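The values are calculated or read from the model by the stated rules, or taken from the named source; none is laboratory data. Computed from a predicted structure; not experimentally measured. Here the Cβ is made from the backbone with ideal geometry for all residues, glycine too, and neighbour counts use every protein chain on show. All accessible areas refer to the heavy atoms of the entire protein, side chains included, with ligands and DNA or RNA removed. Shrake-Rupley method; radii C 1.70, N 1.55, O 1.52, S 1.80 Å.
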Amino acid sequence: MALQAALLPSTLSVPKKGNLAAVVKDTAFLSVPHKKLQVPSLSVRAQVAAAPVATPGASTLTKEGKKTLRQGVVVITGASSGLGLAAAKALAETGKWHVVMACRDFLKAAKAAKGAGMAEGSYTIMHLDLASLDSVRQFVDNFHRAGMPLDSLVCNAAIYRPTARTPTFTADGYEMSVGVNHLGHFLLARLLLHDLDKSDYPSRRLIILGSITGNTNTLAGNIPPKAGLGDLRGLAGGLRGQNGSAMIDGSESFDGAKAYKDSKICNMLTMQELHRRYHEETGITFASLYPGCIATTGLFREHIPLFRLLFPPFQKFITKGFVSEAESGKRLAQVVSDPSLTKSGVYWSWNKDSASFENQLSKEASDPEKARKLWELSEKLVGLA
Ligand code: LMG
Ligand code: NDP
Ligand code: PMR
């Protein structure tokens with residue numbers, strides 16, 4: 001803790017509006033030169049014995065002495081399964097990206113990467129439990145000490161508790177779905193923003209997963225329980241359950257399916273608020289996406305067995321919204337690295353031919369006033385204000 005406090009002074013937090021450059025300057029001492037890769041205790045860099053790869057993020061020189069585009073470094077949260085793993089694999093396979101897999105279960109992530117056939121040396125696993133704000137800060141500290149630049153951040157991890165009627169809580173006492181899916185990522189994004197800002201990579205991106213089920217302008221978004229943040233009174237009350245509400249809208253009864261959908265609205269609002277506050281100043285691309293219905297992932301692990309059995313064929317043959325994990329991974333990889341997807345503030349989706357398009361968010365998921373209020377309340381809850 002003492003070391004963490006020493007390395008992460010309060011100056012690391014990003015100011016409410018503007019002035020990011022000043023913060024970057026203040027915290028410049030935190031960066032370790034890219035070439036000096038130090039492997040921190042909580043991370044394992046997969047090594048290649050016979051043919052060592054270049055240090056992640058280091059520039060390379062051709063024979064003629066020309067500088068070529070260095071490998072990009074992308075952090076993906078929740079890369080131990082589903083979409084995160086598929087995107088990690090897709091990006092690592094190109095050879096253009098070194099993937100930092102930010103995962104809560106180290107051994108599961110190591111097994112998953114191996115099982116997916118990801119080449120040793122193409123990824124680093126680092127511990128991150130989004131259900132603990134201390135863990136988020138520790139991750140950022142470890143990432144800094146690893147000495148890699150940050151070119152892209154993907155806030156992908158999520159939990160879904162579809163049948164829960166009583167809340168569970170994060171280490172900091174916040175309702176779990178919103179705590180992990182939104183608040184943990186909110187802090188992570190804020191703490192890593194200056195790293196993205198100082199990266200010399202041509203296109204730096206911060207991506208937060210959204211979903212169709214958080215958008216009530218769609219059929220899927222109208223399947224009960226519907227998402228809705230109300231006036232955010234539950235969030236303002238600390239989302240703690242006992243003396244207030246565990247739901248963002250302040251309702252007395254807890255609904256796990258709604259809490260997840262609400263968290264996705266928060267994700268989409270946060271992306272837009274980041275865009276409004278920082279895009280012009282930093283040039284960072286902020287984006288969200290609905291990758292399609294990946295009905296086979298671990299997201300549905302807590303749903304009833306009958307649902308898990310019927311949901312994939314239902315999406316494949318009836319709604320036709322189904323996508324495989326591999327296809328969804330390619331879509332997310334596009335949002336990370338495709339040169340044509342540099343526009344900021346966009347919520348991407350794909351049509352039946354798997355072509356990307358800028359999708360419309362629901363009224364609530366694009367309400368700037370709500371986004372601002374959410375931002376301010378979230379800052380308080382994660383200790384940034
Ligand atoms: C609820 O569960 C939870 O109770 C609640 O707590 C909350 O978590 C909520 O939003 C989350 O979920 C509801 C869930 C559980 O049920 C569903 O909604 C099931 C969705 C899947 C529907 C399956 C339809 C059956 C399709 C057959 C698939 C075969 C496809 C092969 C076709 C081949 C063709 C070539 O409840 C259940 O899981 C019970 C499911 C009982 C299914 C009964 C079947 C009724 C059939 C009606 C079909 C209706 C489909 C609607 C189509 C609309 C088209 C736009
Ligand atoms: P998975 O359950 O397969 O993956 C979720 C990942 O999040 C897992 O790696 C999981 O880790 C990780 N995770 C959960 N809790 C924490 C935590 N406390 N700290 C760190 N990591 C955590 O689900 P998907 O791949 O389907 O979901 C990925 C993203 O895609 C989510 O943001 C989801 O909302 C979004 N999405 C998914 C859709 C779908 O149809 N599946 C549709 C639209 C959006 P572990 O492996 O240890 O459990
Ligand atoms: Mg939904 C047009 C059709 C469509 C699409 C694209 C989805 C996506 N769903 C559609 C329709 C329907 N769904 C219909 C008609 C029903 C009633 C039978 C239905 C039901 C349903 C349930 C019970 N759908 C679900 C659930 C879930 O528990 C999933 C959920 O809400 O997770 C939050 C879900 C989903 N449907 C989707 C997608 C993408 C999901 C999952 C996940 C997510 O938003 O992350």
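Say R0 is 30 Å: what FRET efficiency, to the nearest 0.05, do Thr68 and Glu120 get from their beta-carbon distance?
0.85
With viscosity set to 0.890 mPa s and temperature to 25 °C, compute the Stokes-Einstein D of segment 165-309, Rh being the Kirkwood radius across alpha carbon pairs; µm²/s, no decimals.
This corresponds to a translational diffusion coefficient of 149 µm²/s.
Could you pull the accessible area for Ile212 with a 1.4 Å probe, rounded to 10 Å²?
40
Can you classify segment 105-197 as rounded, prolate or oblate using the Cα gyration tensor, where a ≥ b ≥ c are the square roots of its eigenvalues, rounded means a/c under 1.5, and otherwise it's prolate if a/b beats b/c and oblate if not?
Oblate shape, in that a/c is at least 1.5 and b/c is the bigger or equal ratio.
At a Förster distance of 30 Å, what's the computed FRET efficiency of Gln360 paired with Ala385, Cβ-Cβ distance as r, to 0.05?
The pair Gln360/Ala385 has a calculated efficiency of 0.45.
Assign one of three labels to segment 261-359, namely rounded, prolate or oblate, based on the Cα gyration tensor with a ≥ b ≥ c the square roots of its eigenvalues; rounded applies when a/c is under 1.5, prolate when it is not and a/b is larger than b/c, and oblate otherwise.
It comes out prolate by the Cα gyration axes.
Tell me, what is the FRET efficiency for Asn351 and Lys226 to the nearest 0.05, using R0 = 25 angstrom and their Cβ-Cβ distance as r?
Between Asn351 and Lys226 the formula returns 0.50.
List, in order, the whole-Hz ³J(HN,Hα) value for each residue of segment 128-136 obtained from phi through the Karplus relation with A = 6.51, B = -1.76, C = 1.60 and θ = phi - 60°; use x for Gly and Pro.
Once θ is set to phi - 60°, the couplings for segment 128-136 become 8, 10, 5, 7, 9, 5, 4, 5, 4 Hz.
Residue by residue through segment 370-380, what is 3J(HN,Hα) from phi via Karplus (6.51 cos²θ - 1.76 cosθ + 1.60, θ = phi - 60°)? Round to whole Hz and write x for glycine and proline.
Working through the residues one at a time gives 5, 4, 5, 5, 4, 4, 5, 5, 5, 4, 5 Hz.
Relative contact order for segment 121-199: what is it in percent, counting Cα pairs under 8 Å that are at least 6 residues apart?
Relative contact order of segment 121-199: 40 percent.
Over segment 65-183, what is the mean sequence separation of C-alpha contacts under 8 Å (at least six apart), divided by residue count, expressed as relative contact order in percent?
Contact order relative to length: 27 percent.
By its C-alpha gyration tensor, with a ≥ b ≥ c as the square roots of the eigenvalues, how is segment 189-242 shaped: rounded for a/c under 1.5, else prolate for a/b larger than b/c, else oblate? Intermediate values should be presented prior to the final figure.
Working: a/c = 4.40, a/b = 1.58, b/c = 2.78.
It comes out oblate by the Cα gyration axes.
Please list the non-local residues whose amide H lies under 5 Å from the amide H of His98, H modeled 1.01 Å from N, same-chain partners needing a gap of 5 or more.
So His98 has HN proximity to Gly72, Val73, Val74.
Could you sort Asp195, Asp200 by their accessible area in this structure, using a 1.4 Å probe and putting the largest first? Can you show the working numbers first?
Numbers: Asp195 10, Asp200 100 Å².
I get Asp200, Asp195, largest accessible area first.
How many lysine pairs are close in segment 263-377, with Cα atoms under 24 Å apart and the two 8 or more places apart or on different chains?
18
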